[in-house]
Amino acid sequence: MSARAASWWGRLADIWPRGRSDRAEPLPVRARAPAGTARPAPGAVGIDQPLLWVVVALLCWGLVMVYSASVALPDNPRFASYSTYHFVWRHALAAALGALAGWVAFQFPVEAWKKAAVPLFLLSLLLLVVVLVPFIGKGVNGARRWIPLGILNFQPSELAKLAVALYAADYMVRRMEVKERFFRAVWPMAVAVGIVGVLLLAEPDMGAFMVIAVIAMGILFLGGVSARMFFLIALVVVAAFAMVVLTNEWRRERIFAYLDPWSEQHALGKGYQLTHALIALGRGGLWGVGLGGSVEKLHWLPEAHTDFLLAVIGEEFGFVGVLTLIGLFMWLTRRIMQIGRQAIALDQVFAGLAVQGVGLWIGFQAFINIGVNLGALPTKGLTLPLMSYGGSAVLMNLVAIAFVLRVDWENKRMMHGGRS
């Protein structure tokens, strides 16, 4: 064959479609997204805009409501030294620091988060011990939960929520082969959560312990622990919480006050917050009395800018405002869980379980806070995520959301054939 003929034959071979047996290597197979998950357009890899804007909306709404609920607090002798804008400025500072911390957290790949899971969990345990040390931990209303850091008081339990989500996800990945064996799969995790629980109950902070227990149990269940084993764990946890309540007179009285808050015995005692929260919601009616028009925030409703912010929202924005807020949290939780499922479908099990742990955290805590404000659940000191006044809570919420956004960003890159 002449050189010219060989050249033409080579060009023909290059453009002629080859059979299956002639393929040098298989074409790359892209992982499929779960059913019902929209696939981004080619070249459109980026952060989840709807999720980001819902978070921004909740932050801005919370900032406005913290100002509205705290504007009259300087009239109280307890807060006489504070300015009118004291709480809203501190809340805005916490949100700004949280946004900065979230931006930094987004820069770290998921693999770095996985490597940091155990050290972060150990750090949270150390801080939970440090906060109990006299002259270090700050006590408020009989609880020692904060470490003063100058510009804000850091609450280690907020870090522990994220740390447990990461640690439990990493634990399930490492223990995947023995997930059907109770003692080998569940017992070590139960001990870890038990240690966290003992430290939290020493503060005391039963609300944070409830959230952490739900995060850990949820990740175990989503990680593949059998349903029978899961319900056994749930039964043990419920029994443990019941024992904690029954053996503590103060908590027992709060349960009785919840059952009958309007009685003469409880209306001015343990049921005082609940009755005034219900009065605020009743005054709001369908459309509310208008922004700034709340009466209950004028020294009637305690902790109106923190645990009972929803009651002020209900009074000023009415049933429509509360329903809108519930809808936003439902959408946010559902979207976070979808991102977690997508990561698992892409074989990123740690990322998926950790993200779903964040979804459980935000969804369950919002559910408890809303239920307490509506009188559907016993009074418990848990803030409304992303909205209630609380520096470390807002900061850690935003770091957790940044982690979710990072996982979603890596998911989209993998779906387009890139690396995480």
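Rule-based calculations on the coordinates, nothing more; no lab input. Model, not experiment: these values are computed from the prediction. Every residue, glycine as well, gets a Cβ built from its backbone with ideal geometry; the counts of neighbours run over all protein chains shown.
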statement: Per the helix-only model, the chain has a calculated mean residue ellipticity at 222 nm (DSSP H runs of ≥4, -39500 (n - 2.57) each, divided over all residues, rounded to the nearest 500) of -21500 deg cm²/dmol
- request: Report the FRET efficiency, 1/(1 + (r/R0)^6), for Ile279 and Leu246, where r is their Cβ-Cβ distance and R0 is 41 Å, rounded to 0.05.
  value: 0.85
- request: Return the sequence-ordered ³J(HN,Hα) values of region 365-376 in whole Hz as given by the Karplus equation 6.51 cos²θ - 1.76 cosθ + 1.60 applied to θ = phi - 60°, using x for Gly and Pro.
  value: 5, 5, 4, 5, 4, 5, x, 5, 5, 8, x, 7
- request: Give the peptides 312-325, 236-249, 190-203 in descending order of average Cβ contacts within 10 Å, highest first.
  value: 312-325, 190-203, 236-249
message: Output wanted: per-residue J couplings in Hz (rounded whole) for region 269-283, from phi through Karplus 6.51 cos²θ - 1.76 cosθ + 1.60, θ = phi - 60°, x for Gly and Pro.
response: x, 5, x, 5, 4, 5, 4, 6, 5, 5, 5, 4, 5, x, 5
- prompt: In the neighborhood of Gly284, defined by Cβ-to-Cβ distances under 13 Å, what is the net charge if each Lys or Arg adds +1 and each Asp or Glu adds -1?
  reply: -1
field: Cβ-placed point charges (K, R +1; D, E -1), dipole of the chain about Cα centre in debye, nearest 20
entry: 1560
- prompt: So what is the relative contact order of the chain, in percent, for Cα pairs below 8 Å that sit 6 or more residues apart?
  reply: 25
- line: Residues meeting the amide H criterion for Trp146 (H placed from the backbone, H to H distance under 5 Å, 5 or more places apart or on another chain) are Lys138
- request: Take the Cα of Ala80, step 7 Å along the line toward its Cβ, and report every residue of region 294-309 whose backbone nitrogen sits under 18 Å from that point.
  value: 299
Radius, Kirkwood style, for the chain when every pair of distinct Cα atoms is counted (Å): 23.5
query: How many angstrom lie between the C-alpha centres of region 49-77 and region 353-390?
result: 16
- line: Between Ile195 and Ile151, Cβ-based FRET efficiency (R0 41 Å, step 0.05) works out to 0.85
task: Using only the Cα atoms of region 325-387, build the gyration tensor, take square roots of its eigenvalues as a ≥ b ≥ c, and label the shape rounded, prolate or oblate: rounded if a/c is under 1.5, else prolate if a/b is larger than b/c, else oblate.
output: prolate
